1. List the cysteines of the chain that have no other Cys Cβ closer than 4.7 Å: which are they?
2. If I require 15 Å or longer along the helix axis, counting alpha carbons, and a Kyte-Doolittle average no lower than 0.5, what helices from the chain are left? Use full DSSP H segments.
3. More than 17 Å apart: what percent of Cα pairs in segment 165-217 qualify?
4. Over the Cα atoms of segment 65-140, what radius of gyration and what Dmax do you get, in Å?
5. At 25 °C and 0.890 mPa s, grab the translational diffusion coefficient of segment 1-147 from Stokes-Einstein with a Kirkwood Rh over Cα pairs, rounded to a whole number in µm² per second.
6. May I ask you to evaluate 6.51 cos²θ - 1.76 cosθ + 1.60, the Karplus curve with θ = phi - 60°, for each residue of segment 188-200 and list the ³J(HN,Hα) values in order in whole Hz, giving x for glycine and proline?
7. What per residue convex hull volume, in Å³, comes out for segment 27-97 when only alpha-carbon positions are used?
8. The chain: Rg/Rh from Cα coordinates, Kirkwood Rh?
Amino acid sequence: MSHAIEGRCSACFQEKGSAAGCDHCGWRPGDAPGNPLHLPPGTRLDNSYIIGKVLGHGGLGVTYLGWDTNLDTRIAIKEFLPDSVAGRNTENGHVTVHTGHEATFDHALDRFREEAKVLARFQQHPGIVSVYRFFPANGTGYMAMEFVAGRTLRQYLEAHGDKIPWQQALRFLTPIMDTLREVHDTGLLHRDIAPDNIYLTHDNQVKLLDFGAARQVAGERSVTLSVILKPGYAPAEQYRERAKQGPWVDVYALCATVYRCITGRLPPTAPDRLY
């Protein structure tokens, strides 16, 4: 069921100029989502949040702009929806798991919940997007998160000829080095450093995104679970099921990100470099 906020656009939550549509984003009442997997603007969740426009859609889920009805403020809402094993019932908004993939979905949803717990450990950290809470709904899970306006480093590179000067790369990535140091000091590894997980805000902050692959280091060996590798950024250890992993896996990926920024080219994959 759609819920409107009086005087505000249901997609971007800015004050709209007319009843016919939004002067800011162009959304009009009755506009259908561009993708049937997406919840329509105005969808209410957990009696506390209203879904707005889509901010991003990856293989494991959808991130929406949201409205916190208790605090009257914009937030981000991340929905777990792995489109390789699940879809959407457009009649009621529920996520439906493809037959035979229930165990895979449940395992991945547990990891999504763990990501929320990881982020909660860094609440209010200037270099990490804060998570406010995790909640179940529509047969899946959601995170209510801090909303920050900006774009990813990948988007920035694409808009600036695919590469930037060394000095600018250093300015963007030095804060990530500092954030990673603090993450590693708690015994965590990020394991997915890449330009699309580095966020440049409009107020000149740099934040580390997507802790979905993060793992606690258990002694000398990290917990072994499969992850989606990013070729060129993932070190050799992530290609081997039981390889020893430590902070160096993030250092490798960060160095690969530096290489991508200043050359405009993706580094060769780690196995290709070794063999």
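1. 255, 261, each lacking another Cys Cβ under 4.7 Å.
2. Correct list, ordered by number: 248-263.
3. Every Cα pair in segment 165-217 considered, those over 17 Å come to 36 percent.
4. 14.4, 42
5. D, rounded to a whole number, is 155 µm²/s.
6. 9, 10, 7, 6, 8, 6, 6, x, 7, 10, 10, 10, 9
7. 90
8. Computed over Cα atoms, the ratio is 0.98.
Read-outs: derived from the displayed coordinates by stated rules, not from any lab. Here the structure is a predicted model, which means the values were calculated and not measured. Cβ atoms come from the backbone with ideal geometry, glycine included; neighbour counts cover every protein chain shown.
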